[in-house]
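Accompanying notes for the structure given below.
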Amino acid sequence: MNVKIMGVTVVLLLAAVLALGSGVSVFALGATPLAAVGTGGCAFLGIAGLGVGVLGYLVPDASANH
């Protein structure tokens with residue numbers, strides 16, 4: 001169970017960093033602040049969703065083994 005908790009934590013932190021980078025990049029390229037925040041939010045949701053989905057596939061629940 002600790003492996004899954006640590007995995008989710010790492011996925012969420014990675015998603016936050018990449019979303020911040022994408023938002024800053026879009027803003028630096030000349031987008032409006034609202035568009036940059038929207039881009040960062042969409043990037044966070046997409047990366048976190050895919051990451052948690054892959055993590056759920058790679059690290060199944062401990063209760064499924066019994």
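Every number here is computed from the coordinates shown, using simple stated rules; none is lab data. What you are looking at is a predicted structure, and each value in this text was computed from that prediction instead of being measured. As a convention, Cβ positions derive from the backbone with ideal geometry for all residues, glycine included, and neighbour counts pool all protein chains shown.
Observations on the structure shown:
- Residues satisfying the stated conditions in region 1-12, i.e. among the hydrophobic types (A, V, I, L, M, F, W, C), in a helix (DSSP H, G or I) and surrounded by fewer than 17 Cβ atoms within 10 Å (Cβ to Cβ): Val3, Ile5, Met6, Val8, Val10, Leu12
- In region 13-66, residue nearest to Met1 (Cα to Cα) [restricted to those that are part of a loop (DSSP other than H, G, I, E, B) and either in contact (Cβ under 8 Å) with a residue 24 or more places away in the chain or hydroxyl-bearing (Ser, Thr, Tyr) (or both)]: Asp61
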